[in-house]
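The values are calculated or read from the model by the stated rules, or taken from the named source; none is laboratory data. Just so it is clear, the model here is predicted, and its values are computed rather than measured. SASA here: full protein model, heavy atoms, side chains in, ligands and nucleic acids out. Shrake-Rupley method; radii C 1.70, N 1.55, O 1.52, S 1.80 Å.
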Amino acid sequence: MDDSDGWEVVRKKSKQNAANNKKNEALLYLEKVAHPANNFGGALSNEFGILNSSKPRKSTVANRTDEDTGKKEKNGCLAQKKPQKKQQSVAKTKPPKNLDDALKKLNTEELRGIVDIVQKRFSCSSNIWLNEVFEYLNDNLNVDISDCLFLGKDPNYPMSAMTKETRKIIVGMIENCDKSVLSDYFEKAIVDMTVQMTKGLEVNGYRILLQAMIHHNPLLVVDNLGKFGNLRNTYQNRQPICETVLWVASIGGTRKFDVGLRVWSTVLLPVVGMTAYAKFVVEIGRAHV
């Protein structure tokens with residue numbers, strides 16, 4: 001064997017040993033990773049910071065997500081919270097002090113809108129017109145009345161306390177009502193008014209609407225003299241209700257003298273001896289003497 005062949009064998013063995021050493025190192029490293037606690041205790045934990053930890057460690061992706069989420073929440077992007085607007089103080093409408101005040105505060109445009117709508121939608125049902133106007137008036141004139149006879153007031157009160165435009169709307173609506181519907185509604189309304197009063201409810205809507213109807217046709221009272229008499233007898237011991245019945249009946253006399261005279265002699269005169277009604281009966285009687 002010459003020297004070159006010997007050196008060749010040595011080189012091969014050296015390379016083989018080096019390869020074996022690297023292979024053994026690799027296997028040893030894998031063994032360390034696979035069983036760190038048994039072989040090296042806390043060595044890897046110090047080097048990589050992932051072992052022997054009492055608290056679970058979040059992944060880097062999770063950490064980034066949490067950080068990004070925190071930033072977004074801080075910047076208001078994720079929650080999408082809109083800045084709270086300061087509540088503007090809305091001035092509340094003060095309730096009317098009395099009937100005069102309530103009559104002046106009636107919204108003319110709102111009332112006109114109600115009448116226009118019902119007349120277009122229900123052109124042949126004037127009873128619906130009357131109901132809508134009554135409800136509007138009753139809702140917006142919900143105030144206490146201290147004197148149901150309106151002594152010392154204008155003969156055309158309370159309608160005279162309305163604005164001219166408001167009166168015009170109500171009168172115009174009544175003028176367009178069917179006559180038979182108007183008659184039936186009037187008869188029913190005077191009874192319903194007294195029933196509502198027995199329940200302690202305000203009936204200013206009835207007062208206005210009945211007054212407007214009588215101004216349009218005073219004979220509505222004459223046609224219902226018997227009903228007024230019955231209502232007077234039924235409620236003569238309940239002063240506010242009886243006074244309201246007498247007042248409604250007396251409205252006819254503000255338009256036609258002969259109607260007023262008949263009402264006075266038929267409906268009012270029978271209670272002239274009762275202290276609660278005597279002053280009103282005498283006052284109406286003087287107006288027709």
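A few comments on the model shown:
- Cα gyration tensor category, rounded, prolate or oblate, for the stretch 158-217 with a/c compared to 1.5: oblate
- Candidate residues Thr93, Thr244: accessible-area rank, largest first, probe 1.4 Å: Thr93, Thr244
- With every protein chain in place, the stretch 151-267: carbon and sulfur % of accessible area (1.4 Å): 49 percent
- Distance violations [Cα-Cα > 22 Å] among Lys105/Lys164; Lys179/Lys199; Lys120/Lys227; Lys105/Lys153: Lys179/Lys199; Lys120/Lys227
- Cα gyration tensor shape of the stretch 136-289, rounded if a/c is under 1.5, else prolate or oblate by comparing a/b with b/c: rounded
- Taking all protein chains into account, the per residue accessible area for the stretch 173-289 stands at 45 Å² (1.4 Å probe).
- Global geometry of the stretch 110-224, whether rounded, prolate or oblate, following the gyration tensor of its Cα atoms and the 1.5 cut on a/c: rounded
- Pairwise centroid distance, computed over Cα atoms, of the stretch 142-165 with the stretch 186-248, Å: 15 Å
- Hz values of 3J(HN,Hα) by residue in the stretch 199-210 - Karplus curve (6.51, -1.76, 1.60), Gly and Pro given as x: 8, x, 8, 6, 10, 5, x, 5, 4, 5, 5, 5
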